[in-house]
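Novice: First the structure, which I've put down as structure tokens, then a few questions once you've had a look.
The values are calculated or read from the model by the stated rules, or taken from the named source; none is laboratory data. Quantities reported herein were computed from a predicted structural model and do not represent experimental measurements. No Cβ is skipped: glycine too gets one built from the backbone with ideal geometry, and neighbour counts run over all protein chains shown.
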Amino acid sequence: MKVYYDDEVDALYLTLGDEAPEGVVEIAEGINVDTTSRGGLVGIEILNASKKIDLKTILSYTLELHKDLMAQKTA
């Protein structure tokens, strides 16, 4: 899962997979679910996100490093 936040429009997007969305379903005001043609979930968009959820709990960052990079010695 990847999380994107646009502070200019206060929108949060959660990517749940690599498939391209083919449809969207509004499940509540300002909360949209992107779906595949088979009904699978691809992503969730939350508009006016800062008013609906605590962004500090969602927007925590992790750093992913490739294992080969971790094995390199620093000079």
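Novice: If a residue counts only when it is surrounded by 10 or more Cβ atoms within 10 Å (Cβ to Cβ) and at pLDDT below 90, which helices (runs of 4 or more DSSP H) contained entirely in the chain have at least 2 such residues?
Specialist: Working: elements: 49-52, 55-58, 67-71.
Because the criterion is at least 2 residues that are surrounded by 10 or more Cβ atoms within 10 Å (Cβ to Cβ) and at pLDDT below 90, the helices (runs of 4 or more DSSP H) in the chain that meet it are 55-58.
Novice: If a residue has to be within 12 Å of the chain's Cα centre (by Cα) and closer than 19 Å to residue 57 by Cβ to count, how many in the stretch 1-42 make the cut?
Specialist: Number satisfying all stated conditions: 12.
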